Amino acid sequence: MRGAFITATGTGVGKTWLASALAAVCVERGKRVAAIKPIETGVDEKPLDALALARACNDEALANAEGLYRAKEPLAPYAIEKRGGPAVGSLRAMSKRIRELGRDADYTIVEGAGGVLVPLDRENTMADLAAQLDLQTVLVARNALGVLSYTLTAVEALRKRSVSVHAIVLNDVEREQRLDMSRTSNADVLADYLPRLPILRAPWVKSPTDLLDTALQLYETLKI
Ligand SMILES: Nc1ncnc2c1ncn2[C@@H]1O[C@H](COP(=O)(O)OP(=O)(O)OP(=O)(O)O)[C@@H](O)[C@H]1O
Ligand SMILES: [Mg+2]
């Protein structure tokens, strides 16, 4: 299966926005794409991330496909399991399901949940799912003070599980007006620590459809 695993330094840093923009660019380029959120928690009536991804690749049914993990509490899956809620089950079965859903696609985009070491069960984290899937891994990070350590920590955790990172996206989640000196130097510092690893910047935008330029850069970087 060819595809991307979109993970992040944490929750709310732009995985869904970027993944749906990437899916839209793939569609625009004539690719058959499946964009999947296999594990979504905090689901009230609908799995909103999964729906955003599914809509971006014009296949709404993907969001509610059987065999994916959905839970109501906005917690890590293992925390939910410990409270007596549903368990993720075998990662092997989950990756098999993802492969089935991506069967007819030229490119499969999988969004993680939260950051790289979110506990899925007693033994496995999101990084272990990334390792099973063996896709092109993209690490999204909030371009703000703290991102150097968050990013280097996440890259180390992934590499320890033999997951190679293919690109980092530094995302301006906050409006430019909020002054943060680190914003202009983060990419440069990370480049010295992570030579040969493409580091892209995503600007602050009003909606994910305004991230198409960044998504196109990512499309080209990943040689989709
Ligand atoms: N480039 C951007 N410009 C402006 N706002 C952004 C940008 N990227 C993300 N955001 C804001 O951050 C919020 C969180 O983004 P998103 O839902 O993509 O994060 P996530 O990493 O998918 O979160 P989760 O861990 O819940 O899946 C968005 O709703 C949006 O308000
Ligand atoms: Mg998301």
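The one condition from (1) within 16 Å of ligand 2 (Cβ to nearest atom); (2) out of contact with any Asp or Glu (no Cβ under 7 Å at 6 or more places or on another chain) that residue 179 does not meet is (1). Across the range 110-123, what is the number of residues that are of a type in the set (Val, Ile, Thr) and part of a loop (DSSP other than H, G, I, E, B)? The qualifying residues number 2.
Given the criteria surrounded by fewer than 18 Cβ atoms within 10 Å (Cβ to Cβ) and either more than 15 Å from the chain's Cα centre (by Cα) or at positive phi (or both), does residue 79 qualify? For residue 79, the condition - surrounded by fewer than 18 Cβ atoms within 10 Å (Cβ to Cβ) and either more than 15 Å from the chain's Cα centre (by Cα) or at positive phi (or both) - is met. Report yes if residue 212 is assigned to a helix (DSSP H, G or I), within 13 Å of ligand 1 (Cβ to nearest atom), buried (at least 16 other Cβ atoms within 10 Å of the Cβ) and at pLDDT 95 or above, otherwise no. Taking the combined requirement at face value, the residue satisfies it.
Note on the range 198-224: residues that are over 14 Å from residue 172 (Cβ atoms) and among the acidic types (Asp, Glu) total 1.
Applying the condition of being more than 10 Å from ligand 2 (Cβ to nearest atom) and not small (Gly, Ala, Ser) to the range 48-58 and asking which residue is surrounded by the fewest Cβ atoms within 10 Å (Cβ to Cβ) yields 58. Mind listing whichever residues of the range 99-119 are within 26 Å of residue 153 (Cβ to Cβ) and more than 14 Å from ligand 1 (Cβ to nearest atom)? 119, the sole residue that qualifies. Taking the range 26-47 as the range and being farther than 19 Å from residue 69 by Cα and surrounded by 23 or more Cβ atoms within 10 Å (Cβ to Cβ) as the test, the residues that pass are 26, 33. Counting only helices (runs of 4 or more DSSP H) that sit completely within the range 1-109, those holding 3 or more residues that are within 17 Å of residue 138 (Cβ to Cβ), in contact (Cβ under 8 Å) with a residue 24 or more places away in the chain and out of contact with any His (no Cβ under 9 Å at 6 or more places or on another chain) correspond to 15-28, 48-56. Going residue by residue through the range 178-185, is there one that turns out to be within 15 Å of ligand 1 (Cβ to nearest atom) and either in contact (Cβ under 8 Å) with a residue 60 or more places away in the chain or touching a strand residue (DSSP E or B) at 6+ places or on another chain (Cβ under 7 Å) (or both)? The answer is no, given that none of the residues of the range 178-185 is within 15 Å of ligand 1 (Cβ to nearest atom) and either in contact (Cβ under 8 Å) with a residue 60 or more places away in the chain or touching a strand residue (DSSP E or B) at 6+ places or on another chain (Cβ under 7 Å) (or both).
The values are calculated or read from the model by the stated rules, or taken from the named source; none is laboratory data. Note that the structure is predicted; figures quoted are calculated from it, not measured. Backbone-built Cβ (ideal geometry, glycine too); neighbour counts: all protein chains shown.
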